[in-house]
Amino acid sequence: MALSSPYSGQCILGGGHVTQRRFCNIRHRCTGESNKRKAGAHVSHMRYSKTGLAIVVFRDLLMLQSIGQDTKKMPERLQGKVAIVTGASRGLGRQIAETFIGEGARVSLIDLKQKWVEAVAEELDADGQSCLGLAADVSDREAITRAIDMTAEKFGQVTTLVNNAMWNRYEPIKDIEQDTFDRMIGVGLGGIVWGIQAASKHMAAQGGSIINIGSMAGRLGSPNALLYAGVKSGVDGLTRAASVELGHLGIRVNAIAPSTVTTEGVKAILTEELIAKRLGRTPLGRLGAPTDIADAALWLASDESAFVTGQSIAVDGGLGHALM
Ligand SMILES: NC(=O)c1ccc[n+]([C@@H]2O[C@H](COP(=O)([O-])OP(=O)(O)OC[C@H]3O[C@@H](n4cnc5c(N)ncnc54)[C@H](O)[C@@H]3O)[C@@H](O)[C@H]2O)c1
């Protein structure tokens, strides 16, 4: 009996394909922690299973135990990587950092306040060796460059950058003020430009992966989102341009375009009515979970996507193709 899948949460058992979704079709309800999503994670899924399914889980669990040794040998997918995640103190950034650490990366967490990143670093860093919390405003070229240089100094290299930080305000076109414009463009586009500039210097030695968090709002229009749509379609454009310019250094640049994920940031700007409307239009029948986005980032950060660059990948439950 062979355990042949390298993917956490998926095991090939005696030719039968056993996935988490067979036990629980909304994975984030189960644990939300990538390191629990390896083969043994089926235990926690039993809580959510109906009796019949629980028996199947139990049977498969016994089979997993019998190959437990192999399970422990599964390689971590980001072993040896040094990642920087901006906007990492909450929401998608925090989940991406947690997922990366769970897969063996050392991670520098960047956000506006030192105490925010330190609190998250303490929580995520079991051995005290995998995390560095740094305060920096990504729209400030000097500050983000310093933070990236400090990461390289601490961990010896930089292989991965996730440009996730964003400051957002939804409002009608007639109400947009200069300050709002400056801040959204400065964080959402400037932050990525300065991040790529600083990180690519360090990546030139061994190559790397840059992941920009865009949005489906960059592809689909919605009221009150003029600046947000402009920033996020800009993210797709600069992703393509950077991939072409940096490809010869072995640096890949990709973007992820999520649809709605109910993070604190989203709850603060979208009404419940709007969130319900988006849900109603999503073919897969649910909103995104932070782990959906973190899993896509994990793939782009890993060598499994070694020949993928210049792409903007929709992680949207099918929303982008739904006419109604
Ligand atoms: N949540 C969603 O539904 C959704 C959908 C599509 C795209 N996105 C994108 O995903 C990313 C994360 O979204 P989220 O919902 O987790 O947001 P969030 O508001 O919950 O978190 C954003 C983080 O960025 C930090 N930040 C803001 N300005 C910063 C700056 N100048 N420098 C450094 N850090 C700064 C904030 O402090 C915060 O920790 C954003 O780029 C967002 O546009 C989110």
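The values are calculated or read from the model by the stated rules, or taken from the named source; none is laboratory data. What you are looking at is a predicted structure, and each value in this text was computed from that prediction instead of being measured. Glycine gets a Cβ as well: all are built from the backbone with ideal geometry, and neighbour counts include every protein chain shown.
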Of the residues in region 280-296, those that are free of Cβ contacts under 8 Å to residues at least 40 places away in the same chain and farther than 22 Å from Met166 by Cβ come to Gly280, Pro283, Leu284, Gly285
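Condition check: farther than 25 Å from Gly80 by Cβ, part of a helix (DSSP H, G or I) and not aliphatic (A, V, I, L, M). Does Asp149 satisfy that? Break it down stepwise before answering.
Working: farther than 25 Å from Gly80 by Cβ: no; part of a helix (DSSP H, G or I): yes; not aliphatic (A, V, I, L, M): yes.
It is false that Asp149 is farther than 25 Å from Gly80 by Cβ, part of a helix (DSSP H, G or I) and not aliphatic (A, V, I, L, M).
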Subset of region 230-243 that is more than 11 Å from the ligand (Cβ to nearest atom) and not polar (S, T, N, Q) - its residue that is surrounded by the most Cβ atoms within 10 Å (Cβ to Cβ): Ala242
So which helices (runs of 4 or more DSSP H) stay within region 244-301 end to end and still have 3 or more residues that are within 10 Å of the ligand (Cβ to nearest atom)? 264-269
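Identify the residue in region 82-119 that is part of a loop (DSSP other than H, G, I, E, B), small (Gly, Ala, Ser) and within 16 Å of the ligand (Cβ to nearest atom) and, among all such residues, is surrounded by the most Cβ atoms within 10 Å (Cβ to Cβ).
From region 82-119, those part of a loop (DSSP other than H, G, I, E, B) are 87-90, 103-105, 112-113; that's our starting set.
Checking the rest, the ones that are also small (Gly, Ala, Ser) come to 87-89, 104-105.
Okay, now just the ones that are also within 16 Å of the ligand (Cβ to nearest atom), so 87-89.
Values: Gly87: 26, Ala88: 32, Ser89: 23.
The selected residue is Ala88.
Find the residue count for region 151-182, including only residues that are in contact (Cβ under 8 Å) with a residue 24 or more places away in the chain and either buried (at least 18 other Cβ atoms within 10 Å of the Cβ) or within 16 Å of the ligand (Cβ to nearest atom) (or both). Walk me through how you get there before you give the answer.
Pass one, region 151-182, residues in contact (Cβ under 8 Å) with a residue 24 or more places away in the chain: 151-152, 154-166, 168-173, 176, 180-181.
Of the ones still in play, those that are also either buried (at least 18 other Cβ atoms within 10 Å of the Cβ) or within 16 Å of the ligand (Cβ to nearest atom) (or both) are 151-152, 155, 158-166, 168-171, 180-181.
Number satisfying all stated conditions: 18.
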Conditions (1) away from the ligand (no atom under 16 Å from the Cβ); (2) in a strand (DSSP E or B); number of the one not met by Gln79: (2)
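Would you be able to say whether some residue in region 237-245 is of a type in the set (Lys, Arg) and at pLDDT 95 or above?
Step one: list which residues in region 237-245 are of a type in the set (Lys, Arg), which gives 240.
Going one step further and asking which of them are at pLDDT 95 or above, we end up with 240.
For region 237-245, residues of a type in the set (Lys, Arg) and at pLDDT 95 or above: present.
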Between a residue in region 246-268 that is in contact (Cβ under 8 Å) with a residue 12 or more places away in the chain and assigned by TED's automatic domain parsing to the domain that holds Ala199 and any residue that is more than 7 Å from the ligand (Cβ to nearest atom) and of a type in the set (Phe, Trp, Tyr), which pairs come within a Cβ distance under 9 Å, given they are 6 or more apart or on different chains? Arg252/Phe307
For region 280-324 the number of residues that are out of contact with any strand residue (DSSP E or B) (no Cβ under 8 Å at 6 or more places or on another chain) and β-branched (Val, Ile, Thr) is 2
If you check Ala147 against the conditions, is it within 14 Å of the ligand (Cβ to nearest atom), out of contact with any helix residue (DSSP H, G or I) (no Cβ under 7 Å at 6 or more places or on another chain), more than 20 Å from Ala255 (Cα to Cα) and touching a residue at least 60 places away in the same chain (Cβ under 8 Å)? yes
Scan region 120-146 for residues that are closer than 21 Å to Gly80 by Cβ and surrounded by fewer than 17 Cβ atoms within 10 Å (Cβ to Cβ) and report the count. 4
Number of the exception - Ser200 against (1) free of Cβ contacts under 8 Å to residues at least 40 places away in the same chain; (2) under 30 Å from Ser302 (Cα atoms): (1)
Considering region 158-186 alone, what residues qualify as being in contact with an Asp or Glu (Cβ under 8 Å, 6 or more places away or on another chain) and closer than 21 Å to Ala241 by Cα? Ala165
Tell me which of these Glu122 doesn't satisfy, since it passes every other one: (1) under 23 Å from Pro75 (Cβ atoms); (2) away from the ligand (no atom under 15 Å from the Cβ). (1)
